[in-house]
1. Looking at the structure I just gave you, is Thr188 in contact with a Lys or Arg (Cβ under 8 Å, 6 or more places away or on another chain) and surrounded by 23 or more Cβ atoms within 10 Å (Cβ to Cβ)?
2. Quick one: which of Leu234, Leu252 is buried (at least 19 other Cβ atoms within 10 Å of the Cβ), more than 16 Å from the chain's Cα centre (by Cα), more than 16 Å from the ligand (Cβ to nearest atom) and among the hydrophobic types (A, V, I, L, M, F, W, C)?
3. Checking the structure you have, find out if any residue of the range 332-347 is more than 20 Å from Trp189 (Cα to Cα) and in the same structural domain as Leu274 (by TED's automatic domain parsing).
4. Can you tell me which residue among Thr83, Thr46 is closer than 19 Å to Thr191 by Cβ and either over 22 Å from the mean Cα position of the chain (by Cα) or within 16 Å of the ligand (Cβ to nearest atom) (or both)?
5. Do the conditions hold for Ala242, that is, is it buried (at least 23 other Cβ atoms within 10 Å of the Cβ), more than 16 Å from the ligand (Cβ to nearest atom) and among the small types (Gly, Ala, Ser)?
6. Within the range 234-254, can you find the residues that are within 18 Å of Leu97 (Cα to Cα) and β-branched (Val, Ile, Thr)?
7. Taking into account only those residues within the range 56-79 that are among the hydrophobic types (A, V, I, L, M, F, W, C) and in contact with a Gly (Cβ under 7 Å, 6 or more places away or on another chain), which is nearest to Phe241 (Cα to Cα)?
8. Anything in the range 188-202 that is within 16 Å of the ligand (Cβ to nearest atom) and either charged (D, E, K, R) or touching a helix residue (DSSP H, G or I) at 6+ places or on another chain (Cβ under 8 Å) (or both)? List them, or say none.
Amino acid sequence: MSKLSPETKKKIKSRTKLVYAGRNPAEQFGFINTPIYRGSTVLFDTVEELRDYKARFNYGTRGTPTTEALEIAWSELAGAATTTLVPSGLAAVALALMTAVKAGDHLLVTDSAYRPTRIFCDTILKRMGVEVEYYDPLLGGEIASLFKPNTSAILTEAPGSQSFEMQDIPAISAAAHARDICVILDNTWATPLFFSPHTHGVDLAIEAGTKYLSGHSDLLLGLVSASATWARRLRSTFDAFAMCAGPEDVYLALRGLRTMELRLKEAERQAFRLALWLQQRPEVREVLHPALPTCPGHDIWKRDFAGSSGLFSVILHPASDAAVAAMLDGLELFGLGYSWGGYESLLVPFDCSDYRTATTWNPGGPALRFQVGLEDLDDLQADLDAGFARLRATA
Ligand SMILES: *Cc1c(COP(=O)(O)O)cnc(C)c1O
């Protein structure tokens, strides 16, 4: 049965890692995959074992062989000391923040954060006495000028949701660690395959497993990974909430993990080609894609990231709401819908102008977010070609 030696384990590249990580056929009668364990009660042999809670598994909320398999695999991939699994990406955001802040603390949040993250900060955290301040995502190391004596955490997201500004995570981490401030990164866009969070100074990394880890739009899952310094605190916060993920979803995520790099690389290839094609379109004013030199923070992306995924945005030249609706309503291949990271292509119109507070969002035309899937690119372009024709034909 396949057993990697510690030397081999250190040497193997991410694609090999994705095949082997978190599997132990010797424990599963030789079967390749860890099955779905369902359960609440775990039986112990003695009173002593029951009392000391040191058994590898001791209660359903704290983990099963299925959840452990994904946690181990993700920690290996992300270079983390530990990983916890929660029922959604937003729950992962909440768990990371609840791990890092307490009443009376000052929390810095990027103005480009995923909008539901802002809502969590502006409602739950404010209600619990945390002072939340938004900052310009392009600040980099100058973020130190915003530090207060009670600053305890910085929430980053690279690139920003919808608007794709790239953040300088190493510079922010260096400034934060000079003051023992916790750096949290929502790494959903890049995944650990394209950005290794903990080797760049991130303390708590969030991944919405709903996106590329799932890859098939059929589950909700969140992951929080921690550096060695934050591992115990993350684990104990997780145990206090018992906010555990469902066994079927974890199993499907393990299945998705094995093909994640292939899917992500294909999404990258397709999305970049589509971004270049869109850049040439007369209807398009600007393409916001971190791999394009025109994107804010592109040099940081080039320095720190190993790739770009299948999600980017486009700003159109000024057009009426009716014209944009005519373009989108008639699309046959691009679906209209939230979330992303699946095998299907999606398009959503968006507008950040009414909720940004530290920066002004004024793109100069309607904004569209593309999620590029695995369809044939010629077919996708034909669908958009017809859409642009509808846009031009509507006043
Ligand atoms: C989708 C998303 C989330 C939340 O994931 P859910 O599983 O849908 O709750 C968090 N962060 C980012 C950047 C996302 O795109």
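The values are calculated or read from the model by the stated rules, or taken from the named source; none is laboratory data. This is a predicted model, so every value here is computed, not measured. Positions of Cβ are backbone-derived with ideal geometry, glycine not excepted, and every protein chain shown enters the neighbour counts.
1. Yes, satisfied.
2. Details: Leu252 fails: more than 16 Å from the ligand (Cβ to nearest atom).
When all the criteria are applied, what remains is Leu234.
3. Yes: one or more hits.
4. Testing whether each residue is closer than 19 Å to Thr191 by Cβ and either over 22 Å from the mean Cα position of the chain (by Cα) or within 16 Å of the ligand (Cβ to nearest atom) (or both) leaves just Thr83.
5. no
6. Thr237, the sole residue that qualifies.
7. Phe57
8. Filtering the range 188-202 for residues within 16 Å of the ligand (Cβ to nearest atom) gives 188-195, 197, 202.
Scanning the range 188-202 gives Thr188, Thr191, Pro192, Leu193, Phe194, Phe195, Pro197, Val202.
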